[in-house]
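Working notes, structure below.
No value in this document is a laboratory result; all are computed from the given coordinates. Values in this document were obtained by computation on a predicted structure and should not be read as measured data. Backbone-built Cβ (ideal geometry, glycine too); neighbour counts: all protein chains shown.
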């Protein structure tokens, strides 16, 4: 049982309908500061929305990264103020992978502890 923290089943479930996104893996060729910030947002289990005031070329870069990677995140530009704000929202699909993994690990644990 001492291996549970490493396998992920010991992580607490979130009480929200979206579950948790503690280990969403995003692989992307770009490692710029913008993509690193996007990666932090994706991994942050408490954040559901990111309102990100960034310049046009930066917004374009993030829009492309999300679309090219088919990330389960909606992204729209709110065109008020300067710079405009890129609004990112995590979708249910982002959390499905971990929920499926948790169910698999729980079933495996039952079999292993019989």
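In nm², what is the average projected area of the convex hull enclosing the Cα atoms of the stretch 27-112?
6.7 nm²
Sorted by average packing, counted as other Cβ atoms within 10 angstrom per residue and highest first, what order do 76-85, 56-65 take? Walk me through the intermediate numbers first.
Details: 76-85: 11.6, 56-65: 15.3.
Ranking, from highest mean packing down: 56-65, 76-85.
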